[in-house]
1. Residue pairs, Cβ under 6 Å, 6 or more apart or interchain, first in region 114-131 and in contact (Cβ under 8 Å) with a residue 12 or more places away in the chain, second of a type in the set (S, T, N, Q) and surrounded by 17 or more Cβ atoms within 10 Å (Cβ to Cβ). List them.
2. When region 310-352 is examined, which residues are found to be touching a Ser or Thr at 6+ places or on another chain (Cβ under 6 Å) and either modelled with pLDDT of 90 or more or hydrophobic (A, V, I, L, M, F, W, C) (or both)?
3. Would you mind stating whether ALA114 is of a type in the set (A, V, I, L, M), crowded, with 16+ Cβ neighbours inside 10 Å and closer than 19 Å to LEU170 by Cα?
4. Kindly indicate whether LEU265 is within 20 Å of VAL180 (Cβ to Cβ), in contact (Cβ under 8 Å) with a residue 40 or more places away in the chain and aliphatic (A, V, I, L, M).
5. Could you say which residue among LYS103, LYS87, LYS153 is among the basic types (Lys, Arg) and within 30 Å of LEU342 (Cβ to Cβ)?
6. Considering only region 254-288, how many residues are among the small types (Gly, Ala, Ser) and under 35 Å from the mean Cα position of the chain (by Cα)?
7. Would you be able to tell me the number of residues in region 60-102 that are polar (S, T, N, Q) and over 24 Å from the mean Cα position of the chain (by Cα)?
8. Only residues in region 167-182 that are part of a helix (DSSP H, G or I) count as the first member; pair them with residues that are among the charged types (D, E, K, R) and surrounded by 17 or more Cβ atoms within 10 Å (Cβ to Cβ), Cβ under 9 angstrom, at least 6 apart or cross-chain, and list the lot.
Amino acid sequence: MARACRYLKITNAIFSNLKISRLPVVMKSPRSARYLWLMTVLSVVFLSAVPVWAEIQNRIVAVVNNEVVTLHELNSKIRELTGLSPKELKARSEDRYIETRRKILNELIDQKLALEKIRELDIRVSAEEVDQAIERVKDDNQLTQEDLIAMLKQRGTTYEAYRKSIQSELERMRLINYEVQSKIILREEDIEGYYKAHLDEFTSGAKVRLALLYLKQYDPGDKKEARELYQKAEEILARIEQGEDFAKLAMKFSSGPGAREGGDLGVFKISELDPEMAEQIKPLSRGEVSRPIVRPDGIRIIKVVEKDDGGVKSLEQVRNAIESILYRKELERRYSAWISDLRKKAYTKIIF
C-alpha cells in the first residue's frame, strides 16, 4: 500500500506540472522539445499502471500539441452527451461504448485544436455575452433558472461548468465565422438545383386548422331535445354571422374538446377528416363557419381558422429553407476540411 501511495504522489506531482500553456523557452530544438514533452506524458502513463487496488481515476488519454485530454474530460463528455456514465454505457454494449468513446475523444481533440487557434487569434467572449446566450436557451426551451439548474444536475454537471461550455461554444462559433463561415457564398443555380431535385419535399396536401362548437344531445331518441338543440345551434350561428367571436361562444356553449381554448382542435389534413365533415368544410374559406352538422350524439358547428390548399410551394416560398440547408451543408464541409488540415499540421497522440 505504501508503494502504491508513493506512485500516486509522484503521478499527481507530474500531472500538476503538465498544466502549461507552452514548452519551456530553454528548448531550442522543436524535435527535442516535443520528445521531452512526450516522455513526460508517457511517464505519467507508466506511473499510472499501479495495482488495481490503487487505481488512478484520472490520466492522460491524448496529447494535442502542447495540450492534453484527460480521462476525466473524456468521461465527463461521455456522460454529458449520452446521459450515461462510461461504466453504464459499457455494461449495455461494449462495442457501442468503444465507438462512442472514439468519436467523443476525436471531438475533444478537435476542440483542443480549435482552442489553440482561438488563443492565437485572441478571440474573446464577455460574461455578458454568455449570459445573453443562456437566456436565449432558456427562452427557446421555456425554462426558468431553477429548471435549468435542475436539468444540469440531472445530467451530472454544474451551472458553472455549463457557463464555461457556452463560452467555449461562442468562441468556437466566432472562430468558425473567421476561418470558414465568412467565405461561404451560395450560388443561385445551386438553390434552384436543390429546389428542382427535392420538389417532393416542398409538396404538401391540403390542411386546415379547425375550431369546434359542439352541442351535446343527451338522449339520441328524444325528438323534442333534438329540435330544441337544433334551434339553439341556429341561434348561435346567427350570432356568429352577426360578428360575435366564435371562440367566446365556444367557451360558453360548447361541450366538446378544446372548449376552454375557444374550441381549437388543431391542424388536420383534409384526407384525415370524416368524409361528411370534409365535404362540409371543403367550400369554406379561412374564417368561415359551417352549417350545423347533425349527428345522433349532438350538433357540431365547425370554423375554418386557417386553410392551406396544398400543392407544390414556389421557390420563393421555400428559398429561406433551402438557403439554410445548403449553408449548413457547406459550413459542415468546409469546417471538416479546415479541422482536418489543422490535424495534419498538429502533433496528436492517443494513449489507450
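The values are calculated or read from the model by the stated rules, or taken from the named source; none is laboratory data. The model shown is predicted, which means the values in this text are computed figures rather than measured ones. In this analysis, Cβ positions are derived from the backbone assuming ideal geometry, glycine residues included, and neighbour counts consider all displayed protein chains.
1. So the pair list comes out as VAL125/GLN167; VAL130/GLN167.
2. VAL312
3. yes
4. So LEU265 fails the test.
5. Testing whether each residue is among the basic types (Lys, Arg) and within 30 Å of LEU342 (Cβ to Cβ) leaves just LYS103.
6. So the count comes out to 6.
7. Within region 60-102, residues that are polar (S, T, N, Q) and over 24 Å from the mean Cα position of the chain (by Cα) number 4.
8. Once the first residue is part of a helix (DSSP H, G or I) and sits in region 167-182, its partners that are among the charged types (D, E, K, R) and surrounded by 17 or more Cβ atoms within 10 Å (Cβ to Cβ) give LEU175/LYS117; TYR178/LYS117; GLU179/LYS117.
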